[in-house]
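Take a look at the structure set out below.
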Amino acid sequence: MQCTLGPEFRNDPDAAEAEAILRQCVHCGFCTATCPTYLLLGDELDGPRGRIYLMKQVMEGVAPTRSTQQHLDRCLTCRNCESTCPSGVQYGRLLDIGRRVVDAQVPRPLQEKVVRWTLKEGLNSRAFGPALAAGRAVRGALPAALRDKV
């Protein structure tokens, strides 16, 4: 895949690495067959090939949008696509770089920041196990939307 870094990325070593990874992609589409989000949603932009196109645009200087951020966020980072890629594209590393670049340019809504922080800190907390046990103990008294998640 042809890629020409935008002027703002010319001295960024991560961008140079992303450019090298982008150049390995031959658009074959084998990756889509193993991507759970593509298989579930059926949207090209929610598969590795579509996300690669989005990251290529960003690296070339096109301003990312909230939609770009959401498509990158939907990737589970399972890296199934890497195992089927005949060109050896390091999609996981490219996605890490793309997410960092997009997150630096696209602000997230406050509510989303809070939810993401809570998940990141809460799931890794020692208090998670006891909190889940307490939630299960009172599951019947919880609202239906929360009850289904406990």
Sequence of Arg116, Arg99 from largest to smallest accessible area, 1.4 Å probe: Arg116, Arg99
Whole number please: convex hull volume per residue of the Cα set in segment 13-105, in Å³? 81
For segment 138-150, 3J(HN,Hα) per residue [Karplus equation, 6.51 cos²θ - 1.76 cosθ + 1.60, θ = phi - 60°, Hz, x = Gly/Pro]: 10, 3, x, 8, 7, x, 4, 4, 7, 4, 5, 8, 8
Roughly speaking, to the nearest percent, how much of the chain's 1.4 Å accessible area is carbon and sulfur? 57
To the nearest 10 square angstrom, how much accessible area does Val106 have with a 1.4 angstrom probe? 10
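Enter the accessible area per residue of segment 13-105 (Å², integer; probe 1.4 Å; all protein chains in place).
Details: 4420 Å² over 93 residues.
Result: 48 Å² per residue.
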About the Cα centre, charge dipole magnitude for the chain (Lys/Arg +1, Asp/Glu -1 at Cβ), debye: 680
What's the Cα-based Rg to Rh of segment 60-105, Rh via Kirkwood? 1.01
Give the angle, between 0 and 90 degrees and rounded to the nearest 10, that separates the Cα long axis of helix 13-24 from the longest principal axis of the Cα atoms of the chain. 70
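For segment 97-150, what is the Kirkwood estimate of the hydrodynamic radius, computed as the reciprocal of the mean inverse distance between distinct Cα atoms, to one decimal in Å? Kindly include the intermediate steps, with their values, before the conclusion.
Details: mean 1/r = 0.0743 Å⁻¹.
This gives a value of 13.5 Å.
The values are calculated or read from the model by the stated rules, or taken from the named source; none is laboratory data. Remember, it's a predicted structure, so these values are computed and weren't measured experimentally. Cβ coordinates were reconstructed from backbone atoms using ideal geometry, including for glycine residues, and neighbour counts include every protein chain displayed. Note: accessible area is taken over every heavy atom of the protein model, side chains too, but ligands, DNA and RNA are not part of it. Shrake-Rupley method; radii C 1.70, N 1.55, O 1.52, S 1.80 Å.
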